[in-house]
Structure formats: C-alpha cells, structure tokens
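S.K.: I have a structure I would like to understand better, so I am pasting it below and will then ask my questions one at a time.
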Amino acid sequence: QEANVGVVGLAAMGASLARNLAHHGNRVAVYNRTYKRTEAFMQEYGSEGVFIPSQTVKEFVESLSVPRTAIIMVKAGEPTDQVIKELAEYMEQGDIIVDGGNAYFEDTIRREKEMAKLGIHFVGMGVSGGEEGALNGPSMMPGGSDWSWNTLKPILESIAAKAPDGEPCVAHIGPNGAGHFVKMVHNGIEYADMQLIAESYDLMRRGLGMAPEQIGDVFAQWNETELDSYLVEITAEVLRKRDEKTGKPLVDVIVDHAGMKGTGTWTVQTALSLGVPVTGIAEAVFARGLSDQTQLREQAQKDPFNGPDASLALDDEAKQAFIELIRQALYASKIVAYAQGFNEIAEAGKVYGWDIDMAQLARIWRAGCIIRAKFLNRISDAFESGAADVSLLFAPYFKQALENCEAAWRKVIATAVEHGIPTPVFSSSLAYFDGLRAKRLPAALIQGQRDLFGAHTYQRVDEPGAFHTLWAEPGQKEIQVSH
Ligand code: 6PG
C-alpha cells in the first residue's frame with residue numbers, strides 16, 4: 001500500500017500534522033530521524049488512520065505514490081537543508097517537497113532554485129496555529145509553483161482550519177518564498193499584538209493595581225468587542241490561571257524574560273532592507289530583547305533610578321473609565337501594527353515579484369492561525385474594495401476607528417509616560433500615526449544637516465533637481481548639482 005502524502009519530522013508540529021492528514025482520509029508516510037520517535041508515534045496514534053512508517057529516507061520516499069509529496073516539519077536552518085538533501089537523493093522529477101517549518105524566506109528562495117534544477121518542486125509553506133492548530137486545522141500559506149499548488153490544494157484544503165463562512169484557511173500565496181515571507185510577517189504582527197496586550201496588562205496591573213484574575217476578566221470582556229481574537233482570549237486564560245505549587249497567579253511565578261526564535265527579528269530586518277517602517281513590530285522585538293537583558297536589569301534594581309510611582313491611584317469609577325481608554329488605545333495601536341505588516345508584504349511583493357492577494361491573505365488568517373481575529377473580516381473587505389491600496393489606515397472603517405480611539409490613545413500614553421510605565425508599541429504606533437498626519441516633517445532639517453556635514457544635497461520644494469549649499473564659503477551660496 002502506498003501513501004499519498006508523507007511527513008518528515010514527528011516532533012509536536014509534525015506529529016499533529018500527520019495525524020490531521022490521516023484523520024482526513026490521507027494515507028500518510030511518516031519518517032523521523034530517530035526511529036524511536038516513529039515507533040512511539042505509531043504506538044500512540046497508529047490506530048487513528050493509515051500511517052506507513054519508515055526507518056530510512058529511502059524507504060520513506062519509496063512508500064509514496066508518484067508524484068510524491070513530502071511535507072517537512074523539522075527545525076528551520078541546517079536541519080531543513082539536511083532533510084531536503086536526503087529526500088532529493090531518492091526523489092524524481094515532478095515530486096514535491098513542502099517545507100512547513102518557520103524557514104527564512106531567502107533560504108526558501110535558494111532551496112527552490114536548487115530543487116528546480118533537479119526537476120523537484122519545492123514549496124515553502126507557512127503553517128500557523130501551533131500544535132493544536134496543526135492537529136485540528138492550521139492556517140497554511142504555501143508558496144512555490146502553480147503546478148505544485150494544484151496537487152497540494154485538495155490535501156491542504158481538507159486539513160486546513162475553516163473560517164466562520166466555511167472557507168478553508170489555505171491559499172497559494174505566490175511563487176518561491178512568498179509563503180514563508182507572509183508567515184514571517186504574520187509572526188511579526190503576532191509579536192506586536194502580544195506586546196500590546198502585555199502593555200495593556202501592565203497598565204492595569206501596576207497603574208490600576210488590579211489582580212491578574214481581574215485583568216483576565218477584563219480581557220474576557222474585551223473579547224466580546226472589536227478586539228475579539230485568539231490572543232485576547234488566551235490572555236484571559238493565562239491571567240486567570242493559578243500556580244498549582246504555590247497557589248499564586250501563574251503569571252507571577254513565571255520569569256519575566258520573553259524568548260523568541262527569530263521570525264520577529266527577521267520581519268524587522270527585512271523591513272529595514274525594504275525601507276518599510278514597521279515600528280510596532282520593531283518595538284515588540286526590542287521589548288522582548290530588553291526583558292532578556294539580565295545584567296542591565298539587575299543593575300537597574302541594585303542602583304535604582306528615581307522616577308514616578310506607577311500607581312494612578314484612581315477610585316473604582318475612574319478605574320473603569322481608564323480601562324475603556326486602554327481598550328481603545330490597544331485597538332488603535334493594533335490597527336497600526338497590522339497596517340504596517342501589510343505594508344511590508346505589499347512592498348516585498350513588488351521587490352520580489354510576488355502578486356500577493358492581500359484580501360485573500362487576510363481571509364486565510366481568520367481561523368487557525370495565532371493572529372486570528374474577528375477584525376480580519378474588515379481587513380479583507382478593505383483590501384477587496386481597493387480602499388486599503390495605499391494603507392489599511394485609509395480604509396474608511398479603520399480611519400473611523402482610529403479617529404474614534406484617538407483621544408483615548410493619547411490619554412493612555414500620556415498617563416503611562418507620567419507614571420513611568422513603558423508602552424513602546426502603543427507609543428510608537430501613535431508616533432507613526434502622527435508622523436503620517438504631519439503636513440511637514442522635520443526631515444527637512446535632517447536634509448539640511450546632511451548637506452552641511454557631508455554635501456549629501458537636498459531637493460527644493462519649489463524647483464526640481466538636487467542642490468548643495470556651499471556652507472563653508474563666505475556667503476554660503478547654493479549651487480544646483482543635478483537636474
Ligand atoms: C504560529 C506561531 C509559531 C511560532 C511561535 C513562536 O503561527 O503558530 O507563530 O509559528 O513558532 O509563535 O515564536 P517565538 O518563539 O519567536 O515567540
């Protein structure tokens with residue numbers, strides 16, 4: 001009996017995906033570097049469907065029907081290259097290798113080229129939703145050739161999460177690295193979203209003196225509003241959880257150093273290369289970075305700086321009112337963070353020649369993935385109608401939302417600053433918004449400075465061409481250096 005699809009790598013994500021495939025009637029070949037894990041997998045889940053286990057890569061490839069489809073779920077980087085090399089040794093022209101890990105999209109572009117030389121279709125595919133999603137329905141973002149999409153489509157649609165309207169959360173994003181690119185930005189947005197939630201929590205915890213459980217209740221309520229999303233929902237769950245050992249709120253016994261595996265950093269690095277400001281995502285990455293600066297933070301506790309008291313000392317009524325302001329600030333900042341992420345995708349689309357359908361992308365993020373949220377419906381509508389062509393911020397629905405939240409947004413940030421509670425993503429998002437609002441930016445002054453110290457030239461508002469002022473010469477005459 002032959003398998004119609006195979007999974008390489010049976011760690012949490014791979015095992016869940018293999019089971020999901022089997023639950024949907026696929027005959028699934030499974031292989032893991034250490035056979036022990038394959039045996040354990042078979043013992044635990046073997047009865048859930050048709051699995052064909054292999055001890056070697058050769059056997060694994062041979063157990064697949066032609067054209068062969070193998071999905072790799074191993075660590076990004078070197079381990080992925082290793083598996084691709086081994087598979088390619090036994091695969092033939094027309095076979096498909098899907099990399100479902102969080103690969104860096106430039107690696108995917110390189111791998112696709114290498115495999116194309118052998119006639120093998122290489123598909124970099126973003127998979128979101130964690131272990132639970134992989135098992136019960138992830139959101140998937142495959143890149144690669146149209147040809148491979150035709151083969152993959154029925155398989156992936158069967159295992160994908162379904163949006164509330166029944167649409168499967170998978171779509172062909174574009175050629176080569178497009179899928180992994182959008183998954184990377186998805187994760188960047190995830191970072192910004194999580195940091196915004198964390199800033200809101202900090203304001204309630206230290207600013208309003210609320211207990212974690214009470215704050216959990218607030219997030220649960222927020223989940224009934226425009227903020228309805230997976231991340232807000234799980235925040236309520238985390239904050240309501242008590243530590244079994246000590247009986248304290250779990251959040252209080254967790255070390256306050258945030259980890260990261262790279263996708264957020266890549267999103268920012270790539271945005272810098274593309275020249276797209278993703279200030280919210282960047283601040284979110286830096287906030288995790290600061291949390292992990294052990295020596296700096298210890299020194300700041302040993303030799304503390306003077307500063308204001310974090311407590312706002314509000315009565316109950318004022319507290320309730322301030323909580324609503326935080327909610328609005330969170331919503332406005334979140335809109336900016338998403339808009340910036342989509343801008344990065346649009347720019348990359350131009351540079352890398354991907355024709356990414358943004359409305360469709362927003363639609364496949366509506367279920368299964370970590371940033372799934374009700375307002376992605378609004379985002380897809382905005383792109384669909386063309387109203388978000390320049391930026392999501394100009395789509396009437398979002399423009400209105402920003403205007404509605406604006407006063408609260410400013411008030412929350414001003415209060416946070418006064419009380420010494422850091423709100424890097426709130427603040428940078430508002431700064432971006434105000435930067436857009438400004439008719440003239442102080443960038444003109446920077447151009448003047450650059451021209452003075454480095455003859456970098458400037459453009460004039462009233463005449464085309466590049467100009468340089470002879471700063472060092474008497475009279476400081478201006479000359480035109482190009483037209
Ligand atoms: C997802 C997630 C997932 C990622 C984690 C960890 O979409 O399912 O984005 O792919 O592995 O969120 O990311 P960090 O460890 O960098 O926080």
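The values are calculated or read from the model by the stated rules, or taken from the named source; none is laboratory data. Given the structure is predicted, the values throughout are model-derived calculations rather than measurements. In this analysis, Cβ positions are derived from the backbone assuming ideal geometry, glycine residues included, and neighbour counts consider all displayed protein chains. Only protein heavy atoms, including side chains, enter the accessible area calculation; ligands, DNA and RNA are left aside. Shrake-Rupley method; radii C 1.70, N 1.55, O 1.52, S 1.80 Å.
S.K.: In the stretch 10-45, which residues are crowded, with 16+ Cβ neighbours inside 10 Å and of a type in the set (Gly, Ala, Ser)?
M.R.: Passing the criteria: 14, 15, 16, 18, 22, 29.
S.K.: Still on this structure: In this structure, does residue 215 turn out to be out of contact with any strand residue (DSSP E or B) (no Cβ under 9 Å at 6 or more places or on another chain), within 25 Å of residue 374 (Cα to Cα), within 15 Å of the ligand (Cβ to nearest atom) and open to solvent by less than 20 Å² (accessible area, probe 1.4 Å)?
M.R.: no
S.K.: Just give me the residues in the stretch 257-296 being closer than 23 Å to residue 330 by Cα, open to solvent by less than 90 Å² (accessible area, probe 1.4 Å) and free of Cβ contacts under 8 Å to residues at least 60 places away in the same chain, in sequence order.
M.R.: Within the stretch 257-296, 257, 258, 259, 265, 289, 291 meet the criteria.
S.K.: Here is a further query. Show the residue pairs meeting these rules: Cβ distance below 7 Å; 6+ apart or different chains; first residue within the stretch 315-330 and in contact (Cβ under 8 Å) with a residue 40 or more places away in the chain and within 19 Å of residue 224 (Cβ to Cβ); second residue open to solvent by less than 10 Å² (accessible area, probe 1.4 Å) and of a type in the set (S, T, N, Q).
M.R.: Sorted first by the residue in the stretch 315-330, then by its partner, the pairs are 326/200; 330/200.
S.K.: Taking the criterion of being away from the ligand (no atom under 14 Å from the Cβ), charged (D, E, K, R) and within 23 Å of residue 312 (Cβ to Cβ), would at least one residue in the stretch 196-204 satisfy it?
M.R.: So far as the stretch 196-204 goes, yes, one or more of its residues are away from the ligand (no atom under 14 Å from the Cβ), charged (D, E, K, R) and within 23 Å of residue 312 (Cβ to Cβ).
S.K.: Regarding the stretch 32-47, can at least one residue be identified that is among the hydrophobic types (A, V, I, L, M, F, W, C), under 15 Å from residue 100 (Cβ atoms), outside any loop (DSSP other than H, G, I, E, B) and touching a helix residue (DSSP H, G or I) at 6+ places or on another chain (Cβ under 6 Å)?
M.R.: No, the stretch 32-47 contains no residue that is among the hydrophobic types (A, V, I, L, M, F, W, C), under 15 Å from residue 100 (Cβ atoms), outside any loop (DSSP other than H, G, I, E, B) and touching a helix residue (DSSP H, G or I) at 6+ places or on another chain (Cβ under 6 Å).
S.K.: Within the stretch 105-161, take every residue that is of a type in the set (S, T, N, Q) and within 16 Å of the ligand (Cβ to nearest atom) and give me the one that is most open to solvent (accessible area, probe 1.4 Å).
M.R.: Per the criteria, the residue is 136.
S.K.: How about the stretch 64-91: which of its residues are assigned to a strand (DSSP E or B) and away from the ligand (no atom under 16 Å from the Cβ)?
M.R.: 64, 69, 70 - these are the residues of the stretch 64-91 that are assigned to a strand (DSSP E or B) and away from the ligand (no atom under 16 Å from the Cβ).
S.K.: Another question, if that's okay. Could you tell me which of the residues 88, 76, 70 is surrounded by 15 or more Cβ atoms within 10 Å (Cβ to Cβ), more than 24 Å from residue 162 (Cβ to Cβ), modelled with pLDDT under 95 and not basic (Lys, Arg)?
M.R.: On the way: 88 fails: modelled with pLDDT under 95; 70 fails: modelled with pLDDT under 95.
Of the residues listed, the single one that is surrounded by 15 or more Cβ atoms within 10 Å (Cβ to Cβ), more than 24 Å from residue 162 (Cβ to Cβ), modelled with pLDDT under 95 and not basic (Lys, Arg) is 76.
S.K.: Look through 48, 59 and report the one residue that is under 23 Å from residue 89 (Cα atoms) and acidic (Asp, Glu).
M.R.: Answer to the selection: 59.
S.K.: A further question follows. Please indicate, with yes or no, whether at least one residue in the stretch 92-101 is within 16 Å of the ligand (Cβ to nearest atom), at pLDDT 95 or above and either part of a helix (DSSP H, G or I) or open to solvent by 30 Å² or more (accessible area, probe 1.4 Å) (or both).
M.R.: No, every residue in the stretch 92-101 fails to be within 16 Å of the ligand (Cβ to nearest atom), at pLDDT 95 or above and either part of a helix (DSSP H, G or I) or open to solvent by 30 Å² or more (accessible area, probe 1.4 Å) (or both).
S.K.: With respect to residue 181, is the statement that it is open to solvent by less than 50 Å² (accessible area, probe 1.4 Å) and within 16 Å of the ligand (Cβ to nearest atom) true? Working first, answer last.
M.R.: Numbers: open to solvent by less than 50 Å² (accessible area, probe 1.4 Å): yes; within 16 Å of the ligand (Cβ to nearest atom): yes.
Taking the combined requirement at face value, the residue satisfies it.
S.K.: Right, another one. Return the total of residues in the stretch 372-429 being in a loop (DSSP other than H, G, I, E, B) and surrounded by fewer than 19 Cβ atoms within 10 Å (Cβ to Cβ). Steps first, answer last, please.
M.R.: First pass over the stretch 372-429, keeping only residues in a loop (DSSP other than H, G, I, E, B): 372, 374-375, 385-391, 395, 419-423.
Within this subset, residues satisfying the condition of being surrounded by fewer than 19 Cβ atoms within 10 Å (Cβ to Cβ) are 374, 385-387, 389-391, 419-420, 422.
Looking only at that region, the number is 10.
S.K.: Within the stretch 234-256, restricting attention to residues that are in contact (Cβ under 8 Å) with a residue 12 or more places away in the chain and under 21 Å from residue 332 (Cα atoms), which residue is nearest to the ligand (Cβ to nearest atom)?
M.R.: 235
S.K.: Let me ask another. Tell me yes or no: at least one residue of the stretch 315-332 is part of a loop (DSSP other than H, G, I, E, B) and surrounded by 12 or more Cβ atoms within 10 Å (Cβ to Cβ). Please lay out each step first, then the result.
M.R.: Filtering the stretch 315-332 down to residues part of a loop (DSSP other than H, G, I, E, B) leaves 315.
From the residues that got through so far, the ones that are surrounded by 12 or more Cβ atoms within 10 Å (Cβ to Cβ) too are none.
No: zero hits.
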